[in-house]
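See structure below.
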Amino acid sequence: MPRSRIHQMERVLAFATRFLDEVREDIARARMDDSDTPPRIRSVHERPGHATPEFRTLTIPIPDGFGGMSPEVLSGAIARFAASKKPDCLLLAFDAENGDGPVLIAEARCRYGTRLFWMQPYTVGGSHGVEWGEPVGGGWNDPGEEEMILDGAFSGVKVAATV
């Protein structure tokens, strides 16, 4: 159990920020190679008595011809993974398309109720590779009553106040 809600939120934010930096680098590298980046999830397991958590990062394969996976299917797959592995925290990142172009979407969720959401547009092209726009809402945001993909992995867990 975390020492405080603020402490737990800060830990989740630190995990999420580090993960997001890695995903941005992977997206930039993939765009330079003209390849896709599958959705990825990182599970965090914190064990009492251990100084550092255990991290596992997995890509979520998308079958050829699918072009994407619905949020419901993705949520169900992640919930099944979480039911078997019992993570303390999950981080999800994927790129998608909206009316203005590509956007990086990320979520962070922990068993103690912290819920965070990130959206950041980007453009691809030119000699610079990927140009990152300003994150929507200025960065990590509280999703409020909006359902997140990761919520299904922690169903039955009481949600505490966040950001």
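The values are calculated or read from the model by the stated rules, or taken from the named source; none is laboratory data. Everything numeric here is computed off the predicted structure, so don't read it as measured data. Here Cβ is always computed from backbone atoms with ideal geometry, including for glycine, and neighbour counts include all displayed protein chains. The accessibility values were calculated without ligands, DNA or RNA, using every heavy atom of the protein model including side chains. Shrake-Rupley method; radii C 1.70, N 1.55, O 1.52, S 1.80 Å.
As a length-normalised measure over Cα pairs under 8 Å and 6 or more apart, the relative contact order of the chain settles at 22 percent.
Stretching ARG56 away from ALA96 to a fully extended chain increases their span by 12.1 nm, per 0.36 nm per residue minus the current alpha-carbon distance. For the pair SER84 and SER155, the difference between a 0.36 nm per residue extended length and the Cα-Cα distance amounts to 24.2 nm. Which of these values of Rg and Dmax of the Cα atoms in Å was calculated from the structure shown: (1) 15.0, 46; (2) 16.1, 53; (3) 15.9, 49? So the structure-derived entry is (3).
Each Lys and Arg Cβ is given +1 and each Asp and Glu Cβ -1; about its Cα centre, the chain then shows a dipole of about 1060 debye.
Taking 7 Å steps out from each Cα toward its Cβ at ILE6 and GLU145 produces label points 2.9 nm apart.
Within the accessible surface of the chain, defined with a 1.4 Å probe on protein heavy atoms only, the carbon and sulfur portion equals 52 percent. Mean residue ellipticity at 222 nm, helices only, the chain: -9000 deg cm²/dmol; runs of at least 4 DSSP H residues each add -39,500 (n - 2.57), and the sum is divided by the number of residues. A 1.4 Å probe run over the protein chains yields, for segment 80-138, 47 Å² of accessible area per residue, whole-number rounding.
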